[in-house]
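Structure first, commentary second.
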Amino acid sequence: MASPLHPETGSPVMKNTTGSHRSVQRRRLLLAALCVLLPPLTTRGYHPLDIASVNAALLTHSIRHQFDVLFPFFNLLALALLMATILNGKRYSRAFAGFTALAYTLSAFLQNLSVTDTYGLGLTTSTFALTLLVATAWFREAAHPTDDIFSGPSPRRVLLLLPFALLALWFPVDPVTFQPDFNPRTLLTSGSSLSFCMLTIVALAVLLMDVPRVNPMTLFTTSLAGLLIGIGNLWLEFIHMPELAWVGVLHIPLVALSAAGLVLSSQILRTISVH
């Protein structure tokens, strides 16, 4: 088994780093909790008790589709880097991390900025901040590559996790009716690689394929934000707007993989503490 990685730098851990990972983990938990508590910002007022509904309105009227010209390029590049990283992680993992960081940064703005008749210009600050938190983790991942990471996932893990990543990139949803649409063209038009939730499924699938040879804090941060936002999306799509139930089904892997990532990253961090 490869040595665990330092939670901040991604380099092999040394004995004198014992305990540092716990403080990093606590800081990320506190920061994520603060992000969740941030209220949405709008140019028109709203009642504080309506925060959940305001967030739902802003997220479902984001400016993302005004930039749909980017969708085919980012989706195809995400697919290419996903497959390249699985086949030759030593060569392509840094490119995958850099792309993921960039995609998270773009999605933070495209998904969380909106213009509505009711609220005017709005920003969903909680998901905006969480997305940038994850983007920072992936920028750090790209800046500090590690030779051990992505050195060859087992075929069993690839067979288990790759379908979730491919389905997330495909995102077979009709943009008008929100019903299933399994036309292959959806892979080009969905913009899933610029969507926090679907991008996170892809990112977590890649990380989980190669546990424990991953940066535990990248896995922890991505999983924590994925679980928080994923639970919120399930509420939105199954309860608040049940007409989006099919979209909710496609978000179930996000919650499942995020929960698995939190458990496994915590196990890696505990391993570090006894070295």
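Derivation of every value follows stated rules applied to the coordinates shown; laboratory data play no part. From a predicted model like this one, the values you see are computed outputs, not experimental measurements. Every residue, glycine as well, gets a Cβ built from its backbone with ideal geometry; the counts of neighbours run over all protein chains shown.
Pick from Pro155, Pro163, Pro184: which is within 23 Å of Leu70 (Cβ to Cβ), exposed (fewer than 15 other Cβ atoms within 10 Å of the Cβ) and without any contact (Cβ under 8 Å) to a residue 60 or more places away in the chain?
None of the other options fit; the residue is Pro184.
Here's a check for you: in the range 94-105, which residue that is out of contact with any Pro (no Cβ under 8 Å at 6 or more places or on another chain) and crowded, with 19+ Cβ neighbours inside 10 Å is farthest from Leu58 (Cα to Cα)? Outline the logic, then answer.
So in the range 94-105, the residues out of contact with any Pro (no Cβ under 8 Å at 6 or more places or on another chain) come out as 95-96, 98-105.
Filter once more, so that each one left must be crowded, with 19+ Cβ neighbours inside 10 Å: 96, 99-101, 103-104.
Working: Phe96: 30, Phe99: 26, Thr100: 24, Ala101: 23, Ala103: 20, Tyr104: 18 Å.
In this case the residue turns out to be Phe96.
Return yes when Leu132 is farther than 18 Å from Arg213 by Cα, under 16 Å from the mean Cα position of the chain (by Cα) and not β-branched (Val, Ile, Thr) and no when it is not. Working first, answer last.
Values: farther than 18 Å from Arg213 by Cα: yes; under 16 Å from the mean Cα position of the chain (by Cα): yes; not β-branched (Val, Ile, Thr): yes.
Against the criterion (farther than 18 Å from Arg213 by Cα, under 16 Å from the mean Cα position of the chain (by Cα) and not β-branched (Val, Ile, Thr)), Leu132 qualifies.
Condition check for Trp235 on (1) crowded, with 16+ Cβ neighbours inside 10 Å; (2) in a helix (DSSP H, G or I): one failure, at (1).
Taking every residue in the range 239-261 that is within 30 Å of Pro216 (Cβ to Cβ) and pairing it with any residue that is assigned to a helix (DSSP H, G or I) and of a type in the set (Val, Ile, Thr), at least 6 positions away or on another chain, the pairs with Cβ-Cβ distances below 7 Å are Pro253/Ile201; Leu254/Thr200; Leu254/Ile201; Val255/Ile231; Leu257/Ile201; Gly261/Thr222.
This table checks each residue for (1) over 13 Å from the mean Cα position of the chain (by Cα); (2) part of a helix (DSSP H, G or I).
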residue: Phe182; (1), (2): yes, no
residue: Leu188; (1), (2): yes, yes
residue: Leu199; (1), (2): no, yes
residue: Val247; (1), (2): yes, yes
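Residues of the range 245-262 that are farther than 23 Å from Tyr104 by Cα and either out of contact with any Pro (no Cβ under 9 Å at 6 or more places or on another chain) or surrounded by 20 or more Cβ atoms within 10 Å (Cβ to Cβ) (or both): Ala245 alone.
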